[in-house]
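**Q** Sending over a structure as C-alpha cells; questions will come in a sec.
The numbers here are math on the coordinates, done by the rules we state, and not lab data. Quick caveat, the model's predicted, so the values are computed rather than measured. Using ideal geometry, Cβ is built from the backbone for each residue, glycine included, and neighbour counts are taken over all protein chains shown.
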Amino acid sequence: MKNTGFFVGEVQSLFRCTIAGEEMENCNSLDLIQGQGVEGDRYLNGTGHYSPRPHPDRQVTLIESEVLAALLRDAQVNLPPEETRRNIVTIGVPLAHLVGRQFRIGDTVLYGGRLNIPCRYLEDLNDRPGAFNALVNRSGLNAQIIVGGPVYVSDKIAPLP
C-alpha cells in the first residue's frame, strides 16, 4: 500500500453478528459489499437494533483499539473489542481524521461519513456501567463501502490522497 505521508494503520480485529443483541463473532476476514454492508451482518440483513433507521454512512463501523485502552485507563471501563458492537477494530488509525475522506483497507475503499454516537443500548447489552459517557466523542466511525471486497486482520489502513 502506498504511504500517503499521513498515516498507515491496520486492522486489529473483525466482527459481525446476524441478529441484534447476539454476541459478536470474531472473524479472520469480512466481505464488504459495495453500497450495502458487511456480508452476514445484522445491518445488511435488516435485523440490527438500528435497522429501522438505516443510513448510508452505517454500512460498516470502525473503532480504535487505543480508545478501548483509554476507557480502561481513564474511566475504569473494561470494554473488550467484541463488546463495542463495531465491525472493524483498528490500531494506529485516528478515525476522526477520516471523516469526509475516502480511505483504503486492503483492496477495499471506504468513505468516512460521520463519527459514531455512543448509545445506552451498548452499555445495557454488555452490562458496562459508564461505557456510554466514556465513549462520548470517541465511539468510532460510520463508513460507506465505495469499493467492496474482502478485509482481513492485519490489512493496512490509509487515507487516499
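**Q** Quick test for you: out of L62, L71, pick the one residue that is of a type outside the set (V, I, T) and under 12 Å from the mean Cα position of the chain (by Cα).
**A** Numbers: L71 fails: under 12 Å from the mean Cα position of the chain (by Cα).
Checking each option against the conditions leaves just L62.
**Q** Quick one: count up the residues across the stretch 23-40 that are surrounded by 17 or more Cβ atoms within 10 Å (Cβ to Cβ) and either of a type in the set (G, A, S) or part of a loop (DSSP other than H, G, I, E, B) (or both).
**A** Result for the stretch 23-40: 2.
**Q** Collect the residues in the stretch 132-152 that are farther than 21 Å from Y43 by Cβ and of a type in the set (A, V, I, L, M, F, W, C), keeping them in residue-number order. Quick ask: steps written out before the conclusion?
**A** Pass one, the stretch 132-152, residues farther than 21 Å from Y43 by Cβ: 133-134, 136-138.
Within the stretch 132-152, A134, V136 qualify.
**Q** Step by step: first the residues of the stretch 92-122, then only those that are basic (K, R) and free of Cβ contacts under 8 Å to residues at least 60 places away in the same chain, then the one that is farthest from G148 (Cα to Cα). Which residue is that? Working first, answer last.
**A** At the first step, the residues of the stretch 92-122 found to be basic (K, R) are 101, 104, 114, 120.
Restricting the remaining residues to those that are free of Cβ contacts under 8 Å to residues at least 60 places away in the same chain gives 101, 114, 120.
Values: R101: 16, R114: 19, R120: 31 Å.
In this case the residue turns out to be R120.
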